[in-house]
Amino acid sequence: KPDWSSLDKFQHTITKDEFTRLLTQVYVPRGNHAPYFQIDDSGVNVLTSPGKPPFRLEFAPDAASAKPVPRYWKSGRRLDGMVIALDPGHLGGPWARMEERWFRIGANKPVAEGDMTLQVARLLKQELERRGAKVYLTRDGAKPSTKARPDKLRNAAAASLRDQGKSVTSSSLKAESERLFYRTGEIRARAKKVNGGIKPDLVLALHFNAEGWGNPANPTLVGENHLHLLVSGCYSPDELAYEDQRHDLMVKLLNRSFGEEVAVSRAVAHSMSRTTGLPPYTYSSATAINVGGSPYIWARNLLANRLFECPVVYLEPYVMNNRDVHARIQAGDYKGRREVNGIPRESIFREYARGVADGLAAYYGQN
């Protein structure tokens, strides 16, 4: 259950016009906010728990009289001295198969996203520290951040399945217990570490993308390969129905993460597209909207970019089961260039880290 009183620090920090613009253009752009956000000239009432009074936020009369925005992160800093948290997406090691971010073709090395993102994070940490940033990892190994485990989450899993209108069977209970462990519990534990401990100016959520690979025992390699970045936004009606998600939306909207997320993402997207040569991925569903004037940047509501209170740049480069990417993953990490599929290539992990570091250096004026 969220603590709505924690939002009282944002009273009189935003005007009606800015609140309405961010709510209707970024966070709820499909026009379905009315059941949950009642806006009038002086403030907004936000639906809380059933039977409880709404949370009331009072607007600033105008921009000149708006109070300073309270937040732990700072914008407009130089890279030298910035605090940056790297979040290597997913889990590796023995946990990778549970997340279904793992596949293997014949006698080749397994492709495990959690292990790969950690490898990139370690290389990127070196790059950013060399440029003067203070860098922390949300995890530095395969071990989960959360103390919860699937076998301890069966009651919560049963309640979750019933809430979704799904049958509670032994197989669905096992799958939902695991999902609550590696997705919900793990990401919430990392968010607690970020917001309560590290308190960075920026989070970089590092991921690899994938296309459907069919049968895990006989995965399919594909020709598609692309790049995109995500910022927080585009809540669906189903997501808005959850009280905690409405609270998290308010935190991100009121601390003005969006402007910084888009600005940094634009610089990183430019650098990554130039470094990797990858085209932009385009969403065809209503789960995301294109933002920031770049075909590479999309607003989407994910637990990670919602729970981290500071600006989050969420990266999804490379399709893991693309033929060329798979060959580069098999080549592993190395210095310099090697011939992969007949082309001299930098290690895919170093290329990823360099593309991100160069983008941040360009944005923060540290070329």
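The values are calculated or read from the model by the stated rules, or taken from the named source; none is laboratory data. Here the structure is a predicted model, which is why all the values come from computation and not from measurement. So basically every Cβ, Gly included, is an ideal-geometry build from the backbone, and we count neighbours across all protein chains shown. Keep in mind that these areas ignore ligands, DNA and RNA; they rest on the heavy atoms of the full protein, side chains included. Shrake-Rupley method; radii C 1.70, N 1.55, O 1.52, S 1.80 Å.
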(request) State yes or no: is ALA299 within 13 Å of CYS234 (Cβ to Cβ), open to solvent by less than 10 Å² (accessible area, probe 1.4 Å) and modelled with pLDDT of 95 or more? (result) yes
(request) From (1) open to solvent by 40 Å² or more (accessible area, probe 1.4 Å); (2) of a type in the set (Asp, Glu); (3) under 21 Å from the mean Cα position of the chain (by Cα), pick out the condition that doesn't hold for ASP333. (result) (3)
(request) Tell me which of these GLN366 doesn't satisfy, since it passes every other one: (1) within 20 Å of LEU123 (Cβ to Cβ); (2) modelled with pLDDT of 95 or more. (result) (2)
(message) If I filter region 264-290 down to residues being part of a helix (DSSP H, G or I) and out of contact with any helix residue (DSSP H, G or I) (no Cβ under 7 Å at 6 or more places or on another chain), which single residue comes out as most open to solvent (accessible area, probe 1.4 Å)?
(response) ARG274
(message) Considering only residues that are over 17 Å from the mean Cα position of the chain (by Cα), closer than 21 Å to ALA327 by Cβ and not acidic (Asp, Glu), which ones fall in region 218-253?
(response) ASN218, PRO219, THR220, LEU221, VAL222, GLY223, ASN225, HIS226
(request) Scan region 183-224 residue by residue and report those that are in a loop (DSSP other than H, G, I, E, B), modelled with pLDDT of 95 or more and open to solvent by less than 30 Å² (accessible area, probe 1.4 Å). (result) PRO200, ASP201, HIS207, PHE208, ALA210
(request) Working only within region 134-143, note down all residues that are open to solvent by less than 60 Å² (accessible area, probe 1.4 Å) and at pLDDT 95 or above. (result) VAL135, LEU137, THR138, ARG139
(message) With the structure loaded, tell me whether VAL111 is buried (at least 20 other Cβ atoms within 10 Å of the Cβ) and in contact with a His (Cβ under 8 Å, 6 or more places away or on another chain) or whether it fails that test.
(response) yes
(message) Of all residues being among the aliphatic types (A, V, I, L, M) and outside any strand (DSSP E or B) in region 85-108, which is surrounded by the most Cβ atoms within 10 Å (Cβ to Cβ)? Just the residue, please.
(response) LEU91
